[in-house]
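Novice: Following this message is one structure expressed as structure tokens.
The values are calculated or read from the model by the stated rules, or taken from the named source; none is laboratory data. Since this is a predicted model, take the numbers as computed values, not measurements. Glycine gets a Cβ as well: all are built from the backbone with ideal geometry, and neighbour counts include every protein chain shown.
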Amino acid sequence: MTSDVAAGLRTPIAEAERLKRNYGCALGRLIAEHEEIEVPGVGGHLPRKVARRVLGDIIEPRIEELFSEVRRRMEESGLIDHLSAGMVLTGGAVQMEGIIEAAEEILGMPVRIGVPVGVKGIVQLIQGPQWATGVGLVHYGAQRLAEARHFATEDAPSLGHVDEMARPRGASVLGRGVLGWLRAAF
């Protein structure tokens, strides 16, 4: 989508990403007619004022295409009938104005933004939806690691001494350090 914005507005990719993040809108009808944005030029050209609606006209079809494909795949798999509570969106792009409304219209179900939960420590660093998937995967991995350790000690308690002898020097300390960090974080 960023490359479409860069081409459509004739601006560098980095600027296109910034414009998309700061001024993008998934539904053009939500943009006031008089709104303008400043678009940096390319190759020494001066910045220019452009109607924000132009940016919306580039983004909206990509959003429609994305959610239409999601809906098609959910219908093909039969999942759409089992999502009565709706869908949770994560990632930085879900902060774009109008994304929830667009998703609900195209998917035909309630949609909300997902954010990381169950995190301890400096949560301000990972509060947004752009971190939800990564934090969720770390949390899931920590749970699986804890379960695996539990089952390993439950299934073979007599092998604990042999296991300690076979483990490379320092490995148990490292393992406890990572596991301790994961437990402290969640």
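Novice: Just to be sure, is V88 at negative phi, in contact with a strand residue (DSSP E or B) (Cβ under 8 Å, 6 or more places away or on another chain), at pLDDT 85 or above and assigned to a helix (DSSP H, G or I)? Lay out the reasoning, then the answer.
Specialist: Working: at negative phi: yes; in contact with a strand residue (DSSP E or B) (Cβ under 8 Å, 6 or more places away or on another chain): yes; at pLDDT 85 or above: yes; assigned to a helix (DSSP H, G or I): no.
When the stated conditions are applied, V88 does not pass them.
Novice: Within region 54-75, can one find any residue that is at pLDDT below 90 and either part of a loop (DSSP other than H, G, I, E, B) or within 22 Å of A16 (Cβ to Cβ) (or both)?
Specialist: Within region 54-75, the subset at pLDDT below 90 is none.
No, that holds for no residue.
Novice: List every residue pair whose Cβ atoms sit under 6 Å apart, with the two residues 6 or more apart in sequence or on different chains, where the first one lies in region 103-117 and is assigned by TED's automatic domain parsing to the domain that holds V138 and assigned to a helix (DSSP H, G or I) and the second, anywhere, is modelled with pLDDT of 95 or more and surrounded by fewer than 15 Cβ atoms within 10 Å (Cβ to Cβ).
Specialist: Sorted first by the residue in region 103-117, then by its partner, the list stays empty.
Novice: Which count do you get for residues in region 1-52 that are assigned to a helix (DSSP H, G or I), in contact (Cβ under 8 Å) with a residue 24 or more places away in the chain and under 17 Å from M96 (Cα atoms)?
Specialist: Count: 10.
Novice: Please specify each residue of region 34-49 satisfying the condition of being touching a strand residue (DSSP E or B) at 6+ places or on another chain (Cβ under 8 Å) and modelled with pLDDT of 90 or more.
Specialist: Once the filter is applied, which keeps residues that are touching a strand residue (DSSP E or B) at 6+ places or on another chain (Cβ under 8 Å) and modelled with pLDDT of 90 or more, region 34-49 yields E35, E36, I37, E38, V39, P47, R48, K49.
Novice: Within region 1-53, take every residue that is surrounded by 12 or more Cβ atoms within 10 Å (Cβ to Cβ) and among the hydroxyl-bearing types (S, T, Y) and give me the one that is farthest from E64 (Cα to Cα).
Specialist: Restricting to residues being surrounded by 12 or more Cβ atoms within 10 Å (Cβ to Cβ) and among the hydroxyl-bearing types (S, T, Y), the top hit is T11.
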